[in-house]
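Following: one structure in structure tokens, then a few remarks.
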Amino acid sequence: MTETSANGRILSEPDGSSTASFGPFVMKTALQPIIGRNRSGALVLRGLEGLLRLFFNGRPFSPADFFTRIGDSERINVDALCRRIHLANASLDPLKDILLFLNFDPGVYNDHRQIALEVARLKKDAATGSFPPRHIVCEMTERHAAAPNRLHYLTECLREHGFKIAVDDFGAKSSDAQRVKLLSPDIVKLDSAWVQRLMASQSGFSALKDAINRFRQDGALVVVEGMEENFQVELAWGAGADFVQGFALARPQLAPTRFSGIFRHDAA
């Protein structure tokens, strides 16, 4: 089955997954587990992040190069297509009560009308998938700077429809304490390079623990992402992280995935 969506087409593949075509490019979903711990300390699946994988003539193509090739008017459509296929593909795996992390680039929107239309579309898509809005985490990323009023409107509009908000890559570029204060996120994801620098010294590790503690006191859960070594995972838990994401725990896999058969996802 083929569904036309903005400037792209959403395709149903024989394996049950959804892909999108955008010009000569094929857009696919990779899902990466986000891991927590239950009360007994066992690792459990707490979330999945939808990641874009691009193909050109059947070969992998760099997303960074792709975004340099498309115009500003096309970015809003690509941003939306990513969320649509990620939601459809994550819904294939019979998982309950986990979070789905979907990226939003606030810089693609020119006005409040565009934002309202996209949030309404996401709400409609969520109604047909396996993830209700309360289990969808909208990560605020920025390839382009967004006006603070539009950024604030986007997050408030998403909240009104029941979605959760995350600040992505805290510690990198414009993702700082002021941004956290502006958005009052449900979840803060820490930039991996920033975390690894802090982990390299005792004083830095103390600063990391203090930062995580402040976020948690303000009511936000904390994800430490980009952990590639087992010792980094242990340090992340030791610093007080709620969730950890990275190659040391699980690599992204192209949809369709079956993480339900690999990870526990109970609340015990």
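Every number here is computed from the coordinates shown, using simple stated rules; none is lab data. Keep in mind the model is a prediction, meaning the values are calculated, not measured. Cβ atoms come from the backbone with ideal geometry, glycine included; neighbour counts cover every protein chain shown.
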Out of Arg159, Arg214, sole residue that is without any contact (Cβ under 8 Å) to a residue 24 or more places away in the chain, among the basic types (Lys, Arg) and either assigned to a strand (DSSP E or B) or in contact with a strand residue (DSSP E or B) (Cβ under 8 Å, 6 or more places away or on another chain) (or both)
Arg159
Given the conditions (1) surrounded by 18 or more Cβ atoms within 10 Å (Cβ to Cβ); (2) within 20 Å of Leu182 (Cβ to Cβ); (3) touching a Phe, Trp or Tyr at 6+ places or on another chain (Cβ under 7 Å); (4) not aromatic (Phe, Trp, Tyr), every one holds for Asn103 apart from (3)
Scan the stretch 130-141 and give yes if some residue there is loosely packed, with under 15 Cβ neighbours inside 10 Å and free of Cβ contacts under 8 Å to residues at least 24 places away in the same chain, otherwise no.
no
Can you go through Arg53, Arg37, Arg46 and tell me which one is within 22 Å of Asp168 (Cα to Cα), surrounded by fewer than 16 Cβ atoms within 10 Å (Cβ to Cβ) and touching a strand residue (DSSP E or B) at 6+ places or on another chain (Cβ under 9 Å)?
Arg37
Can you name the residue in the stretch 108-150 that is touching a helix residue (DSSP H, G or I) at 6+ places or on another chain (Cβ under 8 Å) and of a type in the set (Gly, Ala, Ser) and is also nearest to Glu160 (Cα to Cα) among such residues?
Ala116
Name the single residue, out of those in the stretch 185-201 being surrounded by 15 or more Cβ atoms within 10 Å (Cβ to Cβ) and of a type outside the set (A, V, I, L, M, F, W, C), that is nearest to Ile34 (Cα to Cα).
Lys189
Being in contact with an Asp or Glu (Cβ under 9 Å, 6 or more places away or on another chain) and surrounded by fewer than 17 Cβ atoms within 10 Å (Cβ to Cβ) narrows it down to one of Gly204, Gly219, Gly226, Gly240, so name that one.
Gly219
What is the one condition in (1) of a type in the set (Phe, Trp, Tyr); (2) in contact with a Lys or Arg (Cβ under 7 Å, 6 or more places away or on another chain); (3) closer than 25 Å to Phe243 by Cβ that Tyr109 does not satisfy?
(3)
